[in-house]
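Data first, discussion second: the structure below is written as structure tokens.
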């Protein structure tokens, strides 16, 4: 009974998060300027991290947690570097 | 670490499922707002719904699930929560400043002009 509840809600949550990722990638292709694309990329990173966490709940393995942590850190560094590039024209001065 | 679904009682499965669906729904609402809002400065508000509500709810669901499945206290998801809570405002403030800088340089839109240092109020600057 409890396994069924968890499986169903994990499936629903995964479909919602995949829809959110699709919408973010639409904005990334359509975005009028560079900063819209960068925010779409950041949203895509966060949604991928949420998808990995729900994957970990659905398969009952702790391995996915480390992958989610690494994706979060890489997303932060990438977005900050891109924002720095937009502001200054170069990343490392 | 071995965890199985048989260990989970019903009183833990219901909040896990509910929090998962709520977090994913908040993320979806944030993404839809990100698609529909008009200007960049309005659009920058929408994805924070996913990074605060979505991360929070799914993190708590994962903590409840692994704590009851392995019958021990598993709270390492708090790392992700703290990290995202600290880094998201930094990222978005940097991006907003970069966008403001670009809009001022190209003089499009009605962005406020840059304040010169002598126009700023002098109080609070003495320290």
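Read the figures in this text as sums done on the coordinates, not as results from a lab. Being a predicted model, the structure only gives us computed values, none of them experimental. No Cβ is skipped: glycine too gets one built from the backbone with ideal geometry, and neighbour counts run over all protein chains shown.
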Practice problem: Can you pull the one-decimal nm distance between simple spin-label points at residue B:90 and residue B:6, each 7 Å off the Cα toward Cβ? | Solution: 4.6 nm
Quiz item: Mind checking Rg over Rh on the protein assembly as shown, alpha carbons, Kirkwood formula for Rh?
Solution: 1.08
Self-check item: Most to least packed among B:93-102, A:46-55 [average Cβ atoms within 10 Å]
Solution: A:46-55, B:93-102
Quiz item: Based on the Cβ-Cβ distance of residue A:91 and residue B:83, what FRET efficiency does E = 1/(1 + (r/R0)^6) give at R0 = 22 Å, to the nearest 0.05?
Solution: 0.50
Quiz prompt | Fraction of alpha-carbon pairs over 17 Å apart in chain A - percent | solution = 59 percent
Quiz item: Quick one: helix A:63-88 against the long Cα principal axis of chain A, what's the angle to the nearest 10°, folded into 0 to 90?
Solution: 20 degrees
Practice problem: May I ask for the angle, rounded to the nearest 10°, between helix B:77-106 and the longest principal axis of chain B, with both axes built from Cα atoms and the value confined to 0 to 90°? | Solution: 20 degrees
Quiz item: In terms of the Cα gyration tensor, with a ≥ b ≥ c the square roots of its eigenvalues, is the range B:10-109 rounded because a/c is under 1.5, prolate because a/b exceeds b/c, or oblate?
Solution: oblate
Quiz item: Where does chain A land at 222 nm, in deg cm²/dmol rounded to the nearest 500, when only DSSP H runs of n ≥ 4 count, each adding -39500 (n - 2.57), divided by all residues?
Solution: -31000 deg cm²/dmol
Quiz item: In whole Å, how far is the Cα centre of the range A:54-74 from that of the range B:46-82?
Solution: 11 Å
Quiz item: How much mean residue ellipticity at 222 nm does chain B get from its helices, if each DSSP H run of length 4 or more adds -39500 (n - 2.57) and you divide by all residues, to the nearest 500 deg cm²/dmol?
Solution: -21000 deg cm²/dmol
Quiz item: Which whole-number percent gives the relative contact order of chain A, counting Cα pairs below 8 Å spaced six or more residues apart?
Solution: 25 percent
Quiz item: Pairing the Cα long axis of helix A:2-30 with the longest principal axis of chain A, what angle in degrees results, from 0 to 90 and rounded to the nearest 10?
Solution: 20 degrees
Exercise. Just need the relative contact order of the range B:10-109 here, percent rounded to a whole number, with Cα pairs under 8 Å and 6+ apart.
Key: 27 percent
Quiz item: When B:83, B:25 are ordered from fewest to most other Cβ atoms inside 10 Å of their Cβ, what list results?
Solution: B:83, B:25
